[in-house]
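Colleague: Questions regarding the structure given below will be posed in turn.
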Amino acid sequence: METLGFRMWHESLYLGYYMAMTLGFSLRTQGEHNVPAKGPALLIANHQSYLDPPLIGVAARRPLVYLARKTLFRNRYFAMLLRSLNAVPIDQEGVGKEGIRAILEQLQQGQAVVVFPEGTRSPDGVMQPLKAGIHLLLKRTQAPIIPVGIAGTYHAWPSSRKYPIPAPLFLPARRGTISVSIGKPLDARRYTELPRDQVLQELFDKIHIERQRAEQLRRRR
């Protein structure tokens, strides 16, 4: 259950991220009404950059749960920050066995969880095939699936760079303008009996459609 303190913390972080991403990277979003206001939900998104998790939180508006590598929790103070953001430590990113257990626990508690089924950041900005673990996850949950598309974050902060490249709102548009599109909920029960390859392809296509919508939404001039 959310406490008043957590709600205030989330609202202050939301405002800070929203201002930073809008002013610094010309952020545009659409589809926030597609995220249930309460109850379990599984948000699946393409992954281009370290910017992606907070961006989805800004676009969804609702507090979300994220999975993060345990190595990021080594620093005591950074670990406190991550936990305050609803980050759950796991051994490896993506939807491996430990990740699936952690996701299911959070969904059972009525949380909305963000998953990047590609498993890691794209090395070139192009969507990678989805990992098979997402199929195993869907067989064990009936939470609505929310496809999310992210565009521009590869140019704003590619995995090859240590620091992001801003695309400020009040300057001419640059390659690093960013956007997020949230699609309509999908019924997880539809995927429980389908062959794995069909499930992976259909989910890939759903995310890709939202990514294309996000691409069209980006500020370009």
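The values are calculated or read from the model by the stated rules, or taken from the named source; none is laboratory data. The shown structure was predicted, so the numbers you read here are calculated from the model rather than taken from an experiment. For neighbour counting, all protein chains shown are included, and Cβ atoms are generated from backbone atoms with ideal geometry for every residue, glycine included. Quick note on the areas: whole protein, heavy atoms, side chains included, nothing else; ligands and nucleic acids left out. Shrake-Rupley method; radii C 1.70, N 1.55, O 1.52, S 1.80 Å.
Colleague: Dipole magnitude of the chain about its Cα centre, charges +1 at Lys/Arg Cβ and -1 at Asp/Glu Cβ only, in debye to the nearest 20?
Modeller: On the way: 31 positive and 17 negative charges, 98 e Å.
Roughly 480 debye for the chain.
Colleague: Rounded to the nearest 10 Å², what accessible area does D205 have for a 1.4 Å probe in the complete protein model?
Modeller: Ignoring ligands and nucleic acids, D205 comes out at about 70 Å².
Colleague: Additional query: Near K38, which aspartates and glutamates are there with a Cα under 17 Å away, not counting those fewer than 8 places off in the same chain?
Modeller: Cross-link targets: E2, E11, E105, D187.
Colleague: With every protein chain kept in the model, how would you rank V88, V65 by accessible area, 1.4 Å probe, largest at the top? All intermediate terms of the calculation are to be shown ahead of the outcome.
Modeller: Details: V88 30, V65 0 Å².
Listed by decreasing accessible area, they come as V88, V65.
Colleague: Taking the simple approach of a point 7 Å from Cα along Cα-to-Cβ for both R190 and K38, what is their distance in nm?
Modeller: About 2.7 nm, to one decimal.
Colleague: Another one. Please compute the per residue accessible area over region 118-202 with all protein chains in place, 1.4 Å probe, rounded to a whole number of Å². Please report the intermediate quantities before stating the final value.
Modeller: Values: 4460 Å² over 85 residues.
That works out to 53 Å² for each residue.
Colleague: Which three extents, in whole angstrom, do the alpha-carbon atoms of region 114-186 cover along their principal axes, largest first?
Modeller: Largest first, region 114-186 extends 46, 26, 16 Å along its Cα principal axes.
Colleague: Could I ask something else about it? Quick one: putting +1 on the C-beta of Lys and Arg, -1 on the C-beta of Asp and Glu, what dipole do you get for region 95-135 around its Cα centre, in Debye to the nearest 20? Intermediate values should be presented prior to the final figure.
Modeller: On the way: 4 positive and 4 negative charges, 16 e Å.
It comes to approximately 80 debye.
Colleague: Let me see the pair-distance distribution of the chain: every alpha carbon pair, 10 Å bin width, integer percents in order.
Modeller: 8, 34, 39, 16, 2, 0
Colleague: Right, next: Name the residue from P53, I134, I90 whose Cα lies farthest towards the positive end of the charge dipole of region 12-141, charges +1 on Cβ of Lys and Arg and -1 on Cβ of Asp and Glu.
Modeller: I90
Colleague: Another question, then. Springs between alpha-carbon atoms under 10 Å, Gaussian network over the chain: tell me which of F25, F78, F204 tops the mean-square fluctuations.
Modeller: Looking only at F25, F78, F204, the biggest GNM fluctuation is shown by F78.
Colleague: Tell me, rounded to the nearest percent, the portion of alpha carbon pairs in region 25-131 spaced more than 25 Å apart.
Modeller: Numbers: 1022 of 5671 pairs.
Of all Cα-Cα distances in region 25-131, 18 percent exceed 25 Å.
Colleague: Can you list the residues, at least 5 places off or on another chain, whose amide H is less than 5 Å from the amide H of V88, using H built in the peptide plane?
Modeller: Residues meeting the amide H criterion: Y66, L67, A68.
Colleague: Next question. So what's the back-of-envelope 222 nm ellipticity for the chain, counting only DSSP H runs of four-plus at -39500 (n - 2.57) apiece and dividing by all residues, rounded to 500? All intermediate terms of the calculation are to be shown ahead of the outcome.
Modeller: Details: 7 runs with 84 residues, N = 221.
Computed mean residue ellipticity for the chain: -12000 deg cm²/dmol.
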